[in-house]
Structures are given as structure tokens and as C-alpha cells.
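Report on the following structure.
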Amino acid sequence: MSHARYLRELLRPLGVYDLSAPFNGSELDAQGAALDGVMDRAEEVQREVSLVTAETWGLENTARLFVRRPVASDPRKLASALAALLRIGGDSFTLDAINDTITGCGIPAVVKELGTGQVSVSFPGVAGEPQGFSELKKIIEDILPTHLGIEYDFWFLTWAELEENFPSWQSIETLELSWTQLETYVEYL
């Protein structure tokens, strides 16, 4: 219901106003239109101040709070990454806590312990080196404790998978893939 109509319904029971008269009706229309505009803006602000519902400027303003912006471009993925970064606290040094907050880089990432002071970071579901890896690496190194040595694991097509999925070199050549495209062809197998 528009605010102009709401104002009319509110004043009608009083019986004092002639709501069909141009001077009363026009004033109510003008005030109702102004209230409609305020309500639209209030709804936008309410939506954008929460990471759960933000879609545009709320996400961008939250991202500006951090030294580095997560590499996610989709609004929901960006909101999830920002929420992970906001969860980082003084007790975020356990492996579970690190794996919870590492999604703050903007894409799925998993940290595994390799031994004392060494961890491995992998990107499940991402073939090859993730897009924007140089920025992604900086974000990950900001999240992980500085005393850890970090090894990055990337997912490439192995010779065994190549032999298993292609009967001959000709079947590979018919795909007309570059070497980089062939290395990352794992997602299609």
C-alpha cells in the first residue's frame, strides 16, 4: 500500500477532511510520495548493512575495511568471504579455525598440516593456478600465522589421468587445447 493511500485511510474515519478535494488529496499525494521515497531508501539501507542480505555498496564498504579485498566477484561469495575475515580473532590459530577463516580469500581453500611449522594450501575444485593467484596468495599469507611455512598445491592433469581418459594423442589433438588448457583439463574429466 502506498503511503498516500495509507494517509487517506488513516484520516477517513475522522470525517473532518474532504479527501477527494484537490487541495487535500494533492497534499496527501505529495506527502505520501515523499514517505514512499524515504521507505525505499530505508529498505535499501536495512538490506545493505547486513552481510547476510547486502548486494552492492554494503559489501564494497565492508571490503574497504580490510587491507586486501577477497577475490570473489559474486555478491554471495564475497559476503561469505568477508564474514570469514570478520571471524578472525585472537584464538584463530587452530587448524579448524584457520580452515574456517581461510575462505576469506574469496575462493574455496583448504589448509593441511604437513609437519611442525609447515602447512599446505590447496584449492579444491579449481584446476591449475586460481585466477588472481598473486592477490590470493597475499590474502592467504595475511590470514595464516606468520611463523608457518606455506606450500601451495595446485590440481593439474596427471599422466595417469591422461592415459586413462584419452585413448591416443590424436584424441587430445582433436580438442585443440594449449598446454595450459590440457594441464587444467581435469575439471572436464
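The values are calculated or read from the model by the stated rules, or taken from the named source; none is laboratory data. Just so it is clear, the model here is predicted, and its values are computed rather than measured. Note: areas computed on protein heavy atoms with side chains; ligands, DNA, RNA excluded. Shrake-Rupley method; radii C 1.70, N 1.55, O 1.52, S 1.80 Å.
Take the alpha carbon gyration tensor of segment 33-115, find the square roots of its eigenvalues, order them as a ≥ b ≥ c, and report rounded if a/c is under 1.5; if not, report prolate when a/b exceeds b/c, else oblate.
On the way: a/c = 3.55, a/b = 2.88, b/c = 1.23.
Prolate is the answer for segment 33-115, as a/c is 1.5 or above and a/b outweighs b/c.
Given a 1.4 Å probe and every protein chain left where it sits, what share in percent of the accessible area of segment 55-189 is carbon and sulfur?
Working: 4310 of 8250 Å².
Carbon and sulfur atoms account for 52 percent of the accessible area of segment 55-189.
With only the Cα atoms considered, segment 101-189 has a convex hull volume of 104 Å³ per residue.
Once backbone amide H atoms are built at 1.01 Å from N, residue 128 has 155, 156 as its partners under 5 Å, excluding neighbours fewer than 5 places away on the same chain.
Overall size of the chain from C-alpha positions, given as principal axis extents largest first: 87, 50, 23 Å. Look at the alpha carbon pairs under 8 Å that are at least 6 residues apart: their mean separation over the length of the chain gives a relative contact order of 13 percent.
Look at the Cα gyration tensor of segment 83-149: its axes a ≥ b ≥ c give a/c of at least 1.5 with a/b at or below b/c, and that counts as oblate. Centre-to-centre separation between the Cα atoms of segment 134-157 and those of segment 86-129: 8 Å.
The phi-based Karplus calculation (6.51 cos²θ - 1.76 cosθ + 1.60; θ = phi - 60°) puts the 3J(HN,Hα) values of segment 134-142 at 4, 6, 4, 4, 4, 5, 4, 5, 6 Hz, whole numbers, x for Gly and Pro. In terms of its C-alpha gyration tensor, segment 1-81 has a prolate overall shape, because the principal axis ratio a/c (a ≥ b ≥ c, square roots of the eigenvalues) is not below 1.5 and a/b outweighs b/c. For segment 137-177, the Kirkwood radius over C-alpha pairs fed into Stokes-Einstein at 25 °C and 0.890 mPa s yields D = 181 µm² per second. Measure nothing fancy, just the Cα-based angle from helix 75-86's long axis to the longest principal axis of the chain, in degrees from 0 to 90, nearest 10. Helix 75-86 sits at roughly 80 degrees to that axis. By DSSP, the beta bridges lying fully in segment 86-158 are antiparallel in about 50 percent of cases.
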